[in-house]
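Colleague: Quick one: the structure is below, and I'll ask about it shortly.
The values are calculated or read from the model by the stated rules, or taken from the named source; none is laboratory data. Source: prediction; values computed, not measured. Don't worry about glycine lacking a Cβ; one is built from the backbone with ideal geometry, like all the others, and counts go over all protein chains shown. Remember, those area values only see protein heavy atoms, side chains included, never the ligands or the DNA or RNA. Shrake-Rupley method; radii C 1.70, N 1.55, O 1.52, S 1.80 Å.
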Amino acid sequence: MAGNGDLDARDRAAMLSRLAAERFDVLVIGGGITGAGTALDAASRGLRVALVEARDLASGTSSRSSKLIHGGLRYLEQFDFKLVYEALRERDLLVSKLAPHLVKPVSFLYPLYKKVVERPYVGAGLVLYDAMEGTRRPVPHHRHLSARGALKRAPALSPDRLAGAMLYYDAQVDDARHTLTVARTAAAHSAVVGTRVSAVGLLRDADGTRVTGARVRDEESGREIEVTAEVVVICAGVWTDLVHELAGVQAGYKVRMSKGVHVVVPRAAVDADTGMILRTEKSVLFFIPWGEHWIVGTTDTDFSGDPAEPVATEEDIEYILTAANRVLAHPLTRADVIAVYAGLRPLVDPRVGNGSKPTTKLSREHVVDVPVPGLASVAGGKFTTYRLMARDVVDAAVADFGRPVPGSVTDQVPLLGADGLAAVQPAVGRLAEDYGVTRAAVEHLLGRYGTLADEVLNLIRTDAGLARPLAEGHPYLRAEVAYAVTHEDALHVEDVLMRRTRLFIESADAGCGAAGEVSTIMGQLLGWSRRRRAAETRRYLVPVQVERAGRATDSVPAPLRALAG
Ligand SMILES: Cc1cc2nc3c(=O)[nH]c(=O)nc-3n(C[C@H](O)[C@H](O)[C@H](O)COP(=O)(O)OP(=O)(O)OC[C@H]3O[C@@H](n4cnc5c(N)ncnc54)[C@H](O)[C@@H]3O)c2cc1C
């Protein structure tokens, strides 16, 4: 370990100087889960690593997923046993060892409507699903429920035609927080992590055959610098084709974008004490418990617009509500929907690249390519399997280093906040007393920061005002905003409201009511003038307003209507 993994937004100048001055073994382009995982994989092999992310960590697909760490029950139907097996192993490793503070078991009820046909079919699938796990099971086995048993767990279900249910277990995660924690763990192993730093071109050696680094732009100042590295690894998700073009290379695959939308409804709108999964005509629909809410989704439609701004349409929302209402006794209405978000799946199509096969086609789910010396790329896969994607692309990237590079060790590297968790969990009461906060506040912090929760609590010790809630009715503390700046590289209000906290999807006003407060706390640390604070608040409010207004004018939150005059 070389650092403590702090990503202090106030150290931006030093970060940029390091990018310009040092020679790296590996330069990773993209700070979603794949890029963060790749930086950690390479750094924990002892390599010198830099990561550049054009916007904020996890601002692409990695904050907009269903937030499940799962084998994917439906892939069994497609006989993709290898994928399910690998994903279940990853799920169990994350829950039990690598990130128990972030990845938590969750149960799903699968209602059955054709008892004779469905129960043996789904039951056999779940026996297989459970059997694919390792021997040390961190989540319980599946169970059969009668129709009465199902209604007891989920009174929200309509009893019509309900023949029974299966109950099985998977895991869930705050995807943006997990990505950030992986990036911080990479930084703790010496990786330099630069956000709002875009790769704008690739560097080549004198005869133009080998990639030797990238030209990057600091998006805060517009200044460009050159970052040199023995190999550049592209982990740009749905931007992969664009980055390949920028590099002037033709990779052995292309990435297709598929849009997935989720709606968020209050917990009280659906009476159930377990998650649910329903079969739909096209795929499946999840009800995922999320604090005081349910996340319900998703859709699956081709997308060809700007990857930075996938927008949910009224049609997407209608599709989800209609599918959900097929099984609910009391239908969900548009008025129940407090938030909507859309993400883009980076689906790999190996047939439409340069005609040649990718160098390594590792599974149906992710593809690694080395299109020219000094450049590797990885795309596809799922959040759940990021560690394997990272391992595979780093193996391919270092293959021609001409010196031995150790194999991946990330299955033995717990993420920051995981080590020692078992000893902190029983101390909740003592911590609450010591820091003068509620037990609920300590539990909330442990579930987000693990053993690093004391770093957030220490901020409260120096400024008691930071113990106050950030927004009424939500568990986030003002200290978390300060911590986001000093330890989690938050540079703008949206970073805090959309990804360090999840108020954007958890609050009926999309976090707009807290934007001014967030700007004030951030501004004190980042030296913003009054004018700059106001501008930073507007920078959050205006796009949120435009997006919401684009869908339905009556859903524009009050603070925004005021702003719009
Ligand atoms: C609706 C939906 C639901 C999903 N649900 C699940 C689920 O429940 N479980 C699961 O396992 N998986 C799920 N997935 C899949 C999973 O979310 C994705 O596979 C994963 O997040 C992709 O991560 P990534 O790092 O490859 O891409 P991204 O997160 O998009 O990261 C790519 C990054 O590259 C950056 N970038 C682009 N160009 C440049 C440049 N020139 N310079 C620097 N940076 C650049 C972008 O800003 C972006 O942050 C879901 C996906 C969707 C869309």
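Colleague: Checking D306 against (1) within 25 Å of K254 (Cβ to Cβ); (2) touching a residue at least 24 places away in the same chain (Cβ under 8 Å); (3) of a type in the set (D, E, K, R), which single condition isn't satisfied?
Modeller: (2)
Colleague: Checking L102 against (1) open to solvent by 10 Å² or more (accessible area, probe 1.4 Å); (2) of a type in the set (A, V, I, L, M); (3) at pLDDT below 95; (4) touching a Gly at 6+ places or on another chain (Cβ under 8 Å): exactly one of these is not met. Which one?
Modeller: Status for L102: all satisfied but (3).
Colleague: Among (1) in contact with a Pro (Cβ under 7 Å, 6 or more places away or on another chain); (2) closer than 20 Å to T228 by Cβ, there is one condition S96 misses while meeting the rest; what is its number?
Modeller: (2)
Colleague: Okay, next question. Mind checking which pairs have a first residue in segment 203-227 that is at pLDDT below 95 and a second that is assigned to a loop (DSSP other than H, G, I, E, B) and surrounded by fewer than 17 Cβ atoms within 10 Å (Cβ to Cβ), Cβ under 9 Å, 6 or more apart or different chains?
Modeller: T209/P373
Colleague: Now for a different question. Out of the residues in segment 237-255 meeting the condition of being out of contact with any helix residue (DSSP H, G or I) (no Cβ under 8 Å at 6 or more places or on another chain) and away from the ligand (no atom under 12 Å from the Cβ), tell me which one is most open to solvent (accessible area, probe 1.4 Å).
Modeller: G248
Colleague: For segment 244-251, state whether one or more residues are outside any helix (DSSP H, G or I), within 14 Å of L321 (Cα to Cα) and of a type outside the set (F, W, Y).
Modeller: no
Colleague: If you don't mind, there's one more thing I want to ask. In segment 214-236, which residue that is small (G, A, S) and surrounded by 23 or more Cβ atoms within 10 Å (Cβ to Cβ) is nearest to the ligand (Cβ to nearest atom)? Walk me through it before giving the result.
Modeller: Going through segment 214-236, the residues small (G, A, S) turn out to be 214, 221-222, 229, 236.
Pick out the ones that are also surrounded by 23 or more Cβ atoms within 10 Å (Cβ to Cβ) and you get 214, 229, 236.
Working: A214: 8, A229: 14, A236: 4 Å.
Among those that are small (G, A, S) and surrounded by 23 or more Cβ atoms within 10 Å (Cβ to Cβ), it is A236.
Colleague: Okay, moving on. Being surrounded by fewer than 17 Cβ atoms within 10 Å (Cβ to Cβ) and at positive phi is the filter here, so list the residues in segment 155-189 that pass it.
Modeller: The answer is R161, and nothing else.
Colleague: To continue, here is another question. What is the one condition in (1) touching a strand residue (DSSP E or B) at 6+ places or on another chain (Cβ under 7 Å); (2) open to solvent by 20 Å² or more (accessible area, probe 1.4 Å); (3) in contact (Cβ under 8 Å) with a residue 60 or more places away in the chain that A508 does not satisfy?
Modeller: (1) is the only condition that A508 fails.
Colleague: Of everything in segment 256-268, what is surrounded by fewer than 19 Cβ atoms within 10 Å (Cβ to Cβ) and more than 30 Å from D349 (Cα to Cα)? Give them in sequence order.
Modeller: P266, R267, A268 - these are the residues of segment 256-268 that are surrounded by fewer than 19 Cβ atoms within 10 Å (Cβ to Cβ) and more than 30 Å from D349 (Cα to Cα).
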